[in-house]
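Trainee: Below are the structure tokens for one structure; questions will follow.
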């Protein structure tokens, strides 16, 4: 048994296919001065061709697993346009009179070595993106064929030193049972995409096995526990085959719950909705029994394009989602850009800390035409279903007042055009910054519902970026300070008589159900993949006992003790 990193869950049993390394030997060629122009032209053409390929792959991934995962390729496009990286390449060509492919290879090696020296796992994994983009550019400069995966063989476990998003795009889940990579971890892009595609992955094998893997070797991988077996004995095969079959049966059994109401053993109902970014994700959510959309992330309509979507384009998407939800509520969040979601065609200022900067509602309130266009589209869609609007990143009552005025203006504009809409459109806000939780009682006087965005709330309360590997261990969703913010928000909503829901990752964590029952949170919105698992937990929960556990959590002073108590509460269900 080899212990490694479990980067994407699941069990895979099969023969290995070892992927050749996507790298080429580049002779160190020098040129005459007269050749410089030609080398710059070759570089420009290689960049153009690489950009087209990456954009095509992004579209393919968007169709396959959704827009969030496809945004991985934005980082690749950004590398092709990065002035530091490109300046390094051009400088080598111009100063050292080297061929374009030599300059690209030297620039790749320089930046990858620099990142590898940093004591930061996240930055080391980003070095893989530079290698991926650089090798794609090298492929075109050298005229080399792209290494492709087998498509006409028996299903296999793919083994690679590292697997780039470019290669993952072409994976067929019906052929690939699992993935083994020598490098990488849970935050690598290959791990993110593997989880989205439902392919088990283990990583970090580089120093765990002296001899190289061979195509045809029998492998067993466990992406949950992070273990790998090479040529396992019969007993190991039997154990993991049984485990694999149990997981498959559980998945099939959970699907039977799609049409079952999420009601606790003692008769209390929780509403389980979905977080989505596209109509395709809504289709998956509805198949898993979603009771509507608790969060539609509209920013993905604005990404991967060269201009703002028109009112008609937005209206068409919102309308189709409202109709497909079949009478269930659809909460549409207005544009949440900035931070880690820039738009190429909207010039935003460079910021030292964009997550604390110009983003979300702050941008919308400064760009009235942009905001009014979206509000009109949402209002028009409200004539076709139970549509609601929600504003992100609210931190003051003033922001709510400004947004209300613009909503009224959008209504008057539609009245002038004779367009139908719901005049009493429910208006809500995201509670995702500590300021909003602290004045939740004041905000509750202004809106119809709260939705707690726990992802950002936890990060802001604890001042911990969960994507920063050096401090990720300090990201504790069950920190007493976070729980107090949750209670403050829920109490304010109840006192005013408005709905309060949760739409962050905690909503999909079944261990948190005692907290929601204790706080009186009746609606949870989560990824489509989490719906059936959480519903299963609700059906096997006694609300009265869960509340007692929830009360005990609020008496504890340490995150670990709270998490252990909640884990113990959910442990009995199999």
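Trainee: Would it be correct to say that residue 369 is farther than 21 Å from residue 443 by Cα, in a loop (DSSP other than H, G, I, E, B) and assigned by TED's automatic domain parsing to the domain that holds residue 306?
Mentor: no
Trainee: Moving on to the next point. Among (1) closer than 29 Å to residue 509 by Cα; (2) touching a residue at least 24 places away in the same chain (Cβ under 8 Å); (3) surrounded by fewer than 18 Cβ atoms within 10 Å (Cβ to Cβ); (4) outside the structural domain of residue 291 (by TED's automatic domain parsing), there is one condition residue 386 misses while meeting the rest; what is its number?
Mentor: Going through (1) closer than 29 Å to residue 509 by Cα; (2) touching a residue at least 24 places away in the same chain (Cβ under 8 Å); (3) surrounded by fewer than 18 Cβ atoms within 10 Å (Cβ to Cβ); (4) outside the structural domain of residue 291 (by TED's automatic domain parsing) one by one, residue 386 breaks only (4).
Trainee: Something else about it: Which fully enclosed helices (runs of 4 or more DSSP H) of segment 428-498 have 1 or more residues being modelled with pLDDT under 95? Spell out how you get there, then give the answer.
Mentor: Numbers: elements: 434-438, 440-443, 454-462, 480-496.
It comes to 454-462.
Trainee: For segment 500-519, indicate whether the set of residues that are surrounded by fewer than 19 Cβ atoms within 10 Å (Cβ to Cβ), in a helix (DSSP H, G or I) and out of contact with any helix residue (DSSP H, G or I) (no Cβ under 9 Å at 6 or more places or on another chain) is non-empty.
Mentor: No - not one qualifying residue is present in segment 500-519.
Trainee: Do the conditions hold for residue 203, that is, is it farther than 16 Å from residue 13 by Cβ, modelled with pLDDT of 90 or more, under 25 Å from the mean Cα position of the chain (by Cα) and outside the structural domain of residue 288 (by TED's automatic domain parsing)?
Mentor: Numbers: farther than 16 Å from residue 13 by Cβ: yes; modelled with pLDDT of 90 or more: no; under 25 Å from the mean Cα position of the chain (by Cα): yes; outside the structural domain of residue 288 (by TED's automatic domain parsing): yes.
The answer is no for residue 203.
Trainee: Does residue 363 satisfy the condition of being free of Cβ contacts under 8 Å to residues at least 40 places away in the same chain, assigned to a helix (DSSP H, G or I) and either buried (at least 23 other Cβ atoms within 10 Å of the Cβ) or touching a strand residue (DSSP E or B) at 6+ places or on another chain (Cβ under 7 Å) (or both)?
Mentor: Spelling it out, residue 363 is indeed free of Cβ contacts under 8 Å to residues at least 40 places away in the same chain, assigned to a helix (DSSP H, G or I) and either buried (at least 23 other Cβ atoms within 10 Å of the Cβ) or touching a strand residue (DSSP E or B) at 6+ places or on another chain (Cβ under 7 Å) (or both).
Trainee: Ok, one more. Take residue 548 and decide whether it is without any contact (Cβ under 8 Å) to a residue 60 or more places away in the chain and out of contact with any strand residue (DSSP E or B) (no Cβ under 9 Å at 6 or more places or on another chain).
Mentor: Yes.
Trainee: Being closer than 22 Å to residue 154 by Cα, touching a residue at least 60 places away in the same chain (Cβ under 8 Å), surrounded by fewer than 20 Cβ atoms within 10 Å (Cβ to Cβ) and under 22 Å from the mean Cα position of the chain (by Cα) is true for just one of 198, 185. Which residue is that?
Mentor: 198
Trainee: Would you point out which residue out of 150, 165 is modelled with pLDDT under 70 and over 25 Å from the mean Cα position of the chain (by Cα)? Before the answer, list the steps.
Mentor: Details: 165 fails: over 25 Å from the mean Cα position of the chain (by Cα).
The match here is 150.
Trainee: Which is in contact (Cβ under 8 Å) with a residue 12 or more places away in the chain and in contact with a strand residue (DSSP E or B) (Cβ under 9 Å, 6 or more places away or on another chain), of 566, 486, 556?
Mentor: On the way: 566 fails: in contact with a strand residue (DSSP E or B) (Cβ under 9 Å, 6 or more places away or on another chain); 556 fails: in contact with a strand residue (DSSP E or B) (Cβ under 9 Å, 6 or more places away or on another chain).
The unique qualifying residue is 486.
Trainee: Could I ask something else about it? The conditions are (1) farther than 18 Å from residue 300 by Cβ; (2) surrounded by fewer than 19 Cβ atoms within 10 Å (Cβ to Cβ), and residue 345 fails exactly one of them. Which is it?
Mentor: Single failed check for residue 345: (1).
Trainee: Then there's this: Could you list, in sequence order, all residues of segment 325-350 that are over 23 Å from the mean Cα position of the chain (by Cα) and either outside any loop (DSSP other than H, G, I, E, B) or farther than 26 Å from residue 408 by Cα (or both)?
Mentor: Correct list: 326, 347, 349, 350.
Trainee: From the list 398, 416, 424, which residue is assigned to a loop (DSSP other than H, G, I, E, B), without any contact (Cβ under 8 Å) to a residue 12 or more places away in the chain, within 27 Å of residue 375 (Cα to Cα) and out of contact with any strand residue (DSSP E or B) (no Cβ under 6 Å at 6 or more places or on another chain)? Quick ask: steps written out before the conclusion?
Mentor: Numbers: 398 fails: assigned to a loop (DSSP other than H, G, I, E, B); 416 fails: assigned to a loop (DSSP other than H, G, I, E, B).
Among 398, 416, 424, only 424 is assigned to a loop (DSSP other than H, G, I, E, B), without any contact (Cβ under 8 Å) to a residue 12 or more places away in the chain, within 27 Å of residue 375 (Cα to Cα) and out of contact with any strand residue (DSSP E or B) (no Cβ under 6 Å at 6 or more places or on another chain).
Trainee: Based on this model, can you work out whether residue 191 counts as under 19 Å from the mean Cα position of the chain (by Cα), in the same structural domain as residue 527 (by TED's automatic domain parsing) and either within 30 Å of residue 389 (Cα to Cα) or in contact (Cβ under 8 Å) with a residue 40 or more places away in the chain (or both)?
Mentor: When the stated conditions are applied, residue 191 does not pass them.
Trainee: When only residues in segment 302-318 that are part of a loop (DSSP other than H, G, I, E, B) and under 25 Å from residue 429 (Cβ atoms) count, which is modelled with the lowest pLDDT?
Mentor: Ranking the candidates gives 303 first.
Trainee: A further question on this structure: I need every pair where a residue in segment 249-266 that is over 12 Å from residue 536 (Cβ atoms) has its Cβ under 7 Å from the Cβ of a residue that is surrounded by fewer than 13 Cβ atoms within 10 Å (Cβ to Cβ), sequence separation at least 6 or different chains.
Mentor: Between residues of segment 249-266 that are over 12 Å from residue 536 (Cβ atoms) and residues that are surrounded by fewer than 13 Cβ atoms within 10 Å (Cβ to Cβ), the close pairs are 266/544.
One line per residue, one yes/no per condition, for (1) modelled with pLDDT under 95; (2) within 25 Å of residue 459 (Cβ to Cβ):
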| site | (1), (2) |
| --- | --- |
| 514 | no, yes |
| 523 | no, yes |
| 532 | yes, no |
| 535 | no, no |
| 539 | no, no |
| 552 | no, no |
| 556 | no, yes |
| 561 | no, yes |
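Trainee: Sticking with this one: Looking at residue 321 and the list (1) modelled with pLDDT under 95; (2) crowded, with 21+ Cβ neighbours inside 10 Å; (3) more than 30 Å from residue 82 (Cα to Cα); (4) touching a helix residue (DSSP H, G or I) at 6+ places or on another chain (Cβ under 7 Å), which single condition is not satisfied?
Mentor: (1)
Trainee: Does residue 246 satisfy being within 30 Å of the chain's Cα centre (by Cα) and not assigned by TED's automatic domain parsing to the domain that holds residue 534? Walk me through how you get there before you give the answer.
Mentor: Numbers: within 30 Å of the chain's Cα centre (by Cα): yes; not assigned by TED's automatic domain parsing to the domain that holds residue 534: yes.
Criteria met by residue 246.
The values are calculated or read from the model by the stated rules, or taken from the named source; none is laboratory data. It should be emphasised that the depicted structure is a prediction, and the values quoted were computed from it without experimental measurement. FYI the Cβ positions are ideal-geometry reconstructions off the backbone, even for glycines, and counts take in every protein chain you see.
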